[in-house]
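The values are calculated or read from the model by the stated rules, or taken from the named source; none is laboratory data. As the structure is a prediction and not an experimental result, all values here were calculated from the model. Counting neighbours? That spans all protein chains shown, and the Cβs are built from the backbone with ideal geometry, glycine included. Side chains are part of the model used for accessible areas, which takes the heavy atoms of the whole protein and leaves out ligands, DNA and RNA. Shrake-Rupley method; radii C 1.70, N 1.55, O 1.52, S 1.80 Å.
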Amino acid sequence: MRIRSFEEKQGILYLVATPIGNMSDITLRAIEILKSVDKIYAEDTRNSINLLKHYNITTHLESYHEFNQETKTLDVVNEIKSGLNIALISDAGLPVISDPGYKIVKEARKEGLRVSTIPGPSAGISALIASGIAPMPYTFYGFLDSKQSKRISELNDLKYVNHTIIFYEAPHRLKDTLTDMYEVLGNRNICIARELTKTFEEYIETTLSDALNLDTLKGEIVLILEGYKENNDESINPMERIDELIKLGYKPNEAIKETAKQLNKDRKELYKEYSDYKNK
Ligand code: SAM
C-alpha cells in the first residue's frame, strides 16, 4: 500500500519528537503541528503539560500509555478515521522508541490511514554519534530485561553481534547490567552517556571491566557498547596474561576465565592451551 502523507485530506497521525532534556530541542514544525492538531495523546499528561505551556500550545491533551494502550488504540484509530488530526508524543524524544505508539501505528497502517513522522531528538542515536564508538553498523536494543536470568539470556543472544549496540538503562540497574555484560560478553569498550542535553551531561569512555569500579551514577543513561570483535591483538600473549593474573593472586581457573573474557577467547580452549603450555 502506498500512502502520501501530504495529500489534502483530513485524518492523520503525527508522531512528534519532543526534547530529551533541553526544552529548546524541539523543531518549529513540531510546535506548529502540536498547535494545529485536534488532539494530542501523551504518555504522561502531567509531564507534557509543562512543554505545551512553555510553547503556548493549548491543544486538548489525553493520555496514551503502556497501561491503557490496549483499549485506547482503537479509539485513536477511529478518531483518525473520522477525520481528526492527531499527534502522539512521549515523555522524551521519539514516541514509539522504547515508548508507547507502535500499536497505533500498526493499526493505523492496517486501516490505510496516514501516519507521518515529525523528527527530532532521540537519546540513543544522539549518544551514538558523540560516543567515539563506531557509529555504523549499529543495533538499537533499548532496555534489557529487568530480571537477571532474562537479561543474561538476551546478552548471550547478542554475544556475537559485531555491530555497535545501543542500550537504555535505569541508573539503579546500571551496576548489575554492566556486571552481566562483562560476565557474558567479556571486556569491551563502552561509552556511558548520561543526562544528554542537560546541565550534567557527561560521556564516560571506558571499558566494561573499568566501568565496574565507577561510583554510582545518577540520571538518564544510554550505553553505547562496542560490537563483538575477534581478538587479533598479537601483542598480548594469553599464556603470559594468565601467569600475570596468577601472580596477582588469582586462582588458575579464575585467571583463565578472566583472560578468556579480556581477550574474547573460548574459556575451555584456553584452559586446554594453558595446561598444554604448563606440561611442556
Ligand atoms: N523515546 C525516547 C527516545 O527517543 O530516546 C526514549 C524513552 S525511554 C522510556 C527513556 C530512556 O531513554 C531513559 O531511561 C534513558 O535510558 C534514555 N534517555 C532519555 N533521555 C535521556 C537523556 N537526556 N540522556 C540520556 N539518556 C536518556
Over region 12-121, what is the mean sequence separation of C-alpha contacts under 8 Å (at least six apart), divided by residue count, expressed as relative contact order in percent? 46
Could you work out the Kirkwood radius for region 189-239, taking every pair of different alpha carbons, averaging 1/r and inverting it, reported in Å? 12.9
Can you give the charge dipole size of the chain about its Cα centre, rounded to the nearest 20 debye, using +1 on the beta carbon of Lys and Arg and -1 on the beta carbon of Asp and Glu? 540
Region 192-257: which trypsin sites (Lys or Arg not before Pro) are DSSP loop and have at most 13 other beta-carbon atoms within 10 angstrom? Lys218, Lys229
To the nearest Å², the heavy-atom accessible area per residue of region 238-278 with 1.4 Å probe amounts to 67
Considering only lysines 8 or more places apart in sequence, or on different chains, count the pairs in region 12-121 whose C-alpha atoms sit under 19 Å apart. 12
Any aspartates and glutamates with Cα under 15 Å of the Lys147 Cα? List them, leaving off those in the same chain fewer than 8 positions away. Glu169, Asp176, Asp180
Relative to the longest principal axis of the chain, what angle (0 to 90°, nearest 10) does the C-alpha long axis of helix 148-158 take? 80
Given region 197-280, what whole percent of its Cα pairs are spread farther than 16 Å? 63
Putting +1 on Lys and Arg Cβ atoms and -1 on Asp and Glu Cβ atoms, find which of Ile256, Tyr277, Asn56 reaches farthest to the positive end of the dipole of the chain. Asn56
Taking the dipole of the chain about the Cα centre (Lys, Arg +1; Asp, Glu -1; charges at Cβ), the one of Ile190, Leu217, Ile166 that reaches farthest to the positive side is Ile166
Roughly how many nanometres apart are two label points built 7 Å out from the Cα toward the Cβ at Gln148 and Lys39? 4.5
How much length, in nm to one decimal, is gained on full extension between Val161 and Asp75, taken as 0.36 nm per residue of separation minus their Cα-Cα distance? 27.0 nm
Contour minus end-to-end for Asp91 and His54, with contour as 0.36 nm per residue of separation and end-to-end as the Cα-Cα distance? 11.8 nm
Measuring from the lowest to the highest alpha carbon on each principal axis, how far does region 238-278 reach, largest first, in angstroms? 22, 21, 14
Quick one: angle between helix 174-185 and the longest Cα principal axis of the chain, in degrees between 0 and 90, rounded to 10, please. 50
Value of [θ]222 nm, deg cm²/dmol, for the chain, DSSP H segments ≥ 4, -39500 (n - 2.57) each, nearest 500: -11500 deg cm²/dmol
Using alpha-carbon pairs under 8 Å, 6+ residues apart, how would you state the relative contact order of region 124-225 in percent? 33
Relative contact order, percent, the chain [alpha-carbon distance under 8 Å, six or more residues apart]: 17
Please give the direction-averaged projected area of the C-alpha convex hull for region 158-214, in square nanometres with one decimal. 4.2
Rounded to a whole %, the carbon-and-sulfur portion of the accessible area of region 12-121 at a 1.4 Å probe is 51
Region 12-121, convex hull of Cα, quarter of hull surface, nm² -> 5.9
Rg in Å to one decimal, and Dmax rounded to a whole Å, for region 56-190 via C-alpha atoms: 18.3, 55
By accessible area with a 1.4 Å probe, ligands and nucleic acids excluded, highest first: order of Leu214, Leu208: Leu214, Leu208
The answer for the per residue Cα convex hull volume of region 1-47, in Å³, is 121
Give me the log10 of I(q) over I(0) for region 124-225 at q = 0.14 Å⁻¹, as the Debye formula computes it from C-alpha points; what are the numbers? -0.46
Determine the percent antiparallel among the DSSP beta bridges restricted to the chain, to the nearest 5. 45
Dipole magnitude of region 49-105 about its Cα centre, charges +1 at Lys/Arg Cβ and -1 at Asp/Glu Cβ only, in debye to the nearest 20? 160
Per-selection metrics, the chain (Cα): Rg and Dmax in Å: 23.8, 81
Skip the ligands, DNA and RNA, and give the accessible area per residue of region 12-121 with a 1.4 Å probe, whole Å². 48
State the percentage of accessible surface on region 124-225 attributable to carbon and sulfur atoms; use a 1.4 Å probe and exclude ligands, DNA and RNA. 51
